Amino acid sequence: MIDTPGALRGTATDTAVRDTLPSPAAAPRPPKPREGREGRLRALDGLRLVAALMVAAYHYGGRGGEVARAWGSSPRDQFPTLHPFFAYGCLGVQIFFVISGFVICMSGWGRPLRSFFASRASRLLPAYWAAIVIVTGVFALPVVAFKAVSPSDALVNLTMLQQPLGVDRVLGVCWTLWAEIRFYALFALCIVLPGATRRRVILFCASWTLAAAIAQGAKEPLLDIVLMPEYAPFFIGGVGLYLVHRDRRDVYAWGIVGVSWLIGQHYAVRRLWHAPNPDAFSYRPAYGIVLVVTLGFLAVAAIALGWLGWANWRWLTVAGALTYPFYLVHEHLGWVVIQALHRTLGIPSYGTLPLTVASMLLLAWLLNRLVENRLTPRLRTALAAPRR
């Protein structure tokens, strides 16, 4: 016979059992996971802006090509001391991807699919559309020496699908948005749609890591497009760091972060390292690439662990709001400003550089105030509203 709780009530056996068990108040409790919807991490906003400024330094002084036309000579001549350091700025993209993994997991936790889609679309599209229109219009001016895309290609750019369609890009940085969109789609289908849980997120990270490695070995273009072996470790590492943020003692989360860092630094070195060559614009030794990637992971980890909670200044929220529009417009429009300031007005390169960054930040502020603050809430409300 199986005893029910009532069968032992009031007996000596019941008293003895109660006396030998710890009381509920004395029993150890597992750490309570932090909620997915939490206060803004202002240090993360600051890190976003740092990553964007890294990319800007690369586009203005860390590479050749079109930027040399803006300066009138190679940036190596303009910045003989700084250009080797500016060349590392392209790794700001990898840091962005780590931040994105963290933020998307945090914002998508406990959120229904419709709300997740509305949040992402309303965050990306208004400033993006405005940037497409502005850059297309500026490049169409006769006084601008840079080539504009065709009207047909400019219209396709409004969809954010120009990269897979093989259409000329209005914004040089938009290839990173194509990677972000694919990450959002994977996360939405695997985590948001069924509902986020720790176990499901860990399985997602492990499965994606293994699948991306298989895709790399298979050399199958379709798998490469879907699984993004080169960028997956950074997104996955950011997701793992959010799990650390929820519970710093989560061994599985730390394992995800460690494996992602190991694979991520490999892809960064493979993409950016080359043998020393005097004809190359710059030389990035492997240890320098690994160091920058490591610092990016460590910075997000410090935020996840709460070590940078003291960096709670309000201006960091403004910095975070400016980062996305600045990232969109800084490259091509920055070249136009460089040409006007340096070649037309004769301002020295070390004066032109900060003035160009400041002008792009001002334009980003205007886009945030006039476009994002007005259109983002309306678009989010329209997309999130239930349909009958």
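Annotations
- For region 228-259, trypsin sites (Lys or Arg not before Pro) meeting the loop criterion (DSSP other than H, G, I, E, B) and having at most 15 other Cβ atoms within 10 Å: ARG248, ARG249.
- Since only ILE191, ALA385, ALA358 are under comparison, the one whose Cα sits farthest along the positive direction of the charge dipole of the chain, derived from C-beta charges on Lys, Arg, Asp and Glu, is ALA385.
- Furthest towards positive pole of dipole, LEU155, LEU322, PHE139, structure part the chain, Cβ charges: LEU322
- Distance between region 205-244 and region 252-270 - C-alpha centres, whole angstrom: 11
- Under the span-like rule (Cα at least 24 Å along the axis, Kyte-Doolittle mean at least -1.0), DSSP H helices of the chain: 42-61, 113-139, 198-218, 251-272, 286-304, 314-338, 349-367
- Note on region 61-153: percent of Cα-Cα distances in each 5 Å bin, starting at 0 and stopping at the bin with the largest distance, equals 2, 10, 11, 13, 14, 16, 14, 9, 6, 3, 1.
- Three-way shape label, region 266-355, alpha-carbon gyration tensor, a/c 1.5: oblate
- When peptides 291-300, 331-340, 113-122 are ranked by their average number of other Cβ atoms within 10 Å per residue, the highest-first order is 331-340, 291-300, 113-122.
- Counting only Cβ charges, +1 for Lys and Arg and -1 for Asp and Glu, the dipole size of region 37-82 around its Cα centre is about 160 debye.
- Across the chain, Cα pairs under 8 Å and at least six residues apart give a relative contact order of 27 percent.
- This model, with +1 at the C-beta of Lys and Arg and -1 at the C-beta of Asp and Glu, gives the chain a dipole about its Cα centre of some 960 debye.
- Euclidean distance of C-alpha centroids, region 154-180 and region 77-150, integer Å: 11
- Selection among LEU165, VAL251, ILE263 by position relative to the dipole of the chain gives VAL251 as farthest towards the positive end (Cβ unit charges, Cα centre).
- Tail fraction, Cα-Cα pairs, region 148-204, threshold 12 Å, whole percent: 68
- Our helix-only sum for the chain, with -39,500 (n - 2.57) per DSSP H run of n ≥ 4 divided by its residues, gives a mean residue ellipticity at 222 nm of -21000 deg cm²/dmol.
- Three-way shape call for region 197-349 based on the alpha-carbon gyration tensor, with the a/c threshold at 1.5: oblate
- Volume of the Cα convex hull of region 222-267, divided per residue and given in Å³: 59
- The order of the peptides 132-141, 373-382 by mean Cβ neighbours within 10 Å, most packed first, is 132-141, 373-382.
- Note, ³J(HN,Hα) from phi for region 73-81, Karplus 6.51, -1.76, 1.60, rounded to Hz, x at Gly and Pro: 6, 5, x, 4, 6, 6, 10, x, 8
- Computed over the chain, Kirkwood Rh from alpha-carbon pairs, angstrom: 23.2
Values quoted throughout were computed directly from the atomic coordinates according to the rules given, and no laboratory measurement underlies them. Quantities reported herein were computed from a predicted structural model and do not represent experimental measurements. We place every Cβ from the backbone using ideal geometry, glycine too, and count neighbours over all the protein chains shown.
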